[in-house]
Structures are given as structure tokens and as C-alpha cells.
Amino acid sequence: MLTAGFLGSGLALVAAGIAVDRFGARAAMTVGTVLGAGALAGAALADTAVALVLALVVFGIGSSVVTIAGVGALFRAYAAE
């Protein structure tokens, strides 16, 4: 089941980077967090294995924004001089 989350995250990393660059880290992080939390709620309520895996893939898509926005924040905080 963990692999489903990693799959979604891996598929969405480039799109998450584009979203962070275009809309800003705060807006992208908010959308990603809401998407991830909603997907986890859907996973908790899933009645079949297919629904559970799909919900976890969507969770991975939402959580991929956290990684990208976090790295972007580190680059801004510790900019090359």
C-alpha cells in the first residue's frame, strides 16, 4: 500500500514543481494538503482494495507538493552568495 503513495508522488513531482513556481509555495501547499487529506479520508472509507490503492495514489499526488515546496523554501533561505 505504501508503494501506491510513492507512485502518486513520483508521478506528480514535476507538476508539483511547476505549480509551486507558478502559484507560489503557500497556495500549492494548501491545495496539496487538502488533496492529500481528502484522499486519506477516502482511503479510510474505501471498501475495496482498488479504491484504497487509488486513494493512496491521489494522496501521493497531494503530498508531492510538500517535498517540492520544502526544498524551494530551503533554497530561498540558504541562497548562494
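Computed quantities for the displayed model
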item: Some residue of segment 31-46 being outside any helix (DSSP H, G or I) and out of contact with any Lys or Arg (no Cβ under 9 Å at 6 or more places or on another chain); result: yes
item: Which listed residue is in contact (Cβ under 8 Å) with a residue 40 or more places away in the chain and open to solvent by less than 30 Å² (accessible area, probe 1.4 Å), from SER63, SER9; result: SER9
item: Test result for ALA43, in contact with a Phe, Trp or Tyr (Cβ under 8 Å, 6 or more places away or on another chain) and open to solvent by less than 50 Å² (accessible area, probe 1.4 Å); result: yes
item: Condition met for THR48 (hydroxyl-bearing (Ser, Thr, Tyr), closer than 29 Å to PHE75 by Cα, surrounded by fewer than 15 Cβ atoms within 10 Å (Cβ to Cβ) and at pLDDT 90 or above); result: no
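The values are calculated or read from the model by the stated rules, or taken from the named source; none is laboratory data. On a predicted model such as this, the values are computed, not experimentally measured, just so you know. With ideal geometry, Cβ positions are generated from the backbone for all residues, glycine too; neighbour counts draw on all protein chains shown. We work out accessible area using only protein heavy atoms, side chains counted, and drop any ligands, DNA or RNA first. Shrake-Rupley method; radii C 1.70, N 1.55, O 1.52, S 1.80 Å.
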